[in-house]
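*Asks:* One structure follows; several queries about it will come next.
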Amino acid sequence: DFSNGPSIDGITLRLVDQLSKPTPAFSFFHSSGVTTAISNFIFILNQWYHVAGVLDGLNAFIYVNGTLQGYQNGLRLLPYKNRTKCYFGRSIFYPWGDADANAYFDEIKIHQRALTQQEILNDFFFF
């Protein structure tokens, strides 16, 4: 969760509950609402996954194990600004409903540009 507070130009790569099953989502919060790229991929508990969220300017993509699993076109660009509340495994929305992650993180990367699908696939196979 990278933001300046709940619903203030925030970016989250998170799990959402889809019919009681954990599903990855990539959300962008702004003053007029939220836009979310959501996947139909269902995680199995106690299994390792490589998850990547990519924003190329106007489109968001979710990859799981190097394969595109969801996307959202036509996003509203978030303003470039310093985000003061940045969490891994926790949300700015905690304690208002989002619990801390009950998970292990092996590696977290943030890039200055949108990676291609091939670069994400390479990262999955050769990390």
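*Asks:* So, by mean Cβ neighbours within 10 angstrom, what's the order for 40-49, 59-68, 117-126 with the highest one leading?
*Replies:* 59-68, 117-126, 40-49
*Asks:* Another question about this same structure. Extending each Cα 7 Å along its Cβ direction at residue 102 and residue 40, get the distance between those two points in nm, one decimal.
*Replies:* 2.8 nm
*Asks:* For an R0 of 30 angstrom, estimate the FRET efficiency from the Cβ-Cβ distance between residue 116 and residue 17 and round to the nearest 0.05.
*Replies:* The computed FRET efficiency comes out at 0.45.
Taken together, the values in this text are just the output of simple stated rules run on the coordinates, not laboratory data. Since this is a predicted model, take the numbers as computed values, not measurements. Cβ sites come from the backbone with ideal geometry, for glycine too, and all protein chains shown count toward neighbours.
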